[in-house]
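Colleague: Structure incoming, see below.
Each reported figure results from applying straightforward, stated rules to the coordinates on display, with no laboratory input. Not measured: the values here are computed from a predicted model. Cβ placement follows ideal geometry from the backbone for every residue including glycine, while neighbour counts extend to all protein chains displayed.
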Amino acid sequence: AVVVIGQGVCKGMTYLHSMGIIHRDLKPGNLLMGAVPTQQGPQLVVKVADFGLARVQDGAKTMTGGIGTSQYTAPEVLRSERYDYKADVFSFGVIVWEIHARKIPYSDMNQMQIAVAVATQDH
């Protein structure tokens with residue numbers, strides 16, 4: 001299931017990024033999963049959802065403005081630095097880590113502590 005989830009998210013991110021769109025809030029709660037019937041039986045399908053915070057890069061290579069959920073937000077976003085589609089790739093990495101570890105990163109911290117930890121640690 002981890003591979004299927006990863007492939008689904010990567011496929012969605014690849015499409016978005018090819019269109020110049022940065023999701024900016026990629027997290028498990030913004031992934032839709034369901035089964036599609038096939039000749040071999042039901043197949044898990046994963047789709048990226050909730051584009052309320054997504055933005056199109058309007059000719060600029062990078063953008064600014066903090067956004068997203070602290071546990072999944074890239075350090076450069078939390079530091080209010082310029083960022084690009086790689087911020088979504090960081091979020092994807094956190095999702096994969098969470099699936100393997102079976103817990104949310106920094107689960108023992110509040111949102112402010114998480115933001116400080118992510119923004120100041122080497123990743």
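Colleague: As an exercise, use a Förster radius of 25 Å and the Cβ-Cβ distance of TRP97 and SER18 to find the FRET efficiency, rounded to the nearest 0.05.
Modeller: Working from the Cβ atoms, E equals 0.50.
Colleague: Restricting to lysines 8 or more places apart or on different chains, can you count the pairs in the chain with Cα atoms under 20 Å from each other?
Modeller: 8
Colleague: Under 11 Å from the Cβ of ALA74, count the other residues' Cβ atoms, weight Lys and Arg +1, Asp and Glu -1, and hand me the total.
Modeller: -1
Colleague: Okay, moving on. Quick check on packing: order 8-14, 48-54, 38-44 by the mean number of other C-beta atoms within 10 Å, highest mean leading.
Modeller: 8-14, 48-54, 38-44
Colleague: Turning to a different aspect of this structure: Using alpha carbons only, how many degrees (0 to 90, rounded to 10) separate the axis of helix 86-101 from the longest principal axis of the chain?
Modeller: The angle comes out near 60 degrees.
Colleague: As an exercise, use a Förster radius of 25 Å and the Cβ-Cβ distance of LYS86 and ALA117 to find the FRET efficiency, rounded to the nearest 0.05.
Modeller: Using R0 = 25 Å, I get an efficiency of 0.80.
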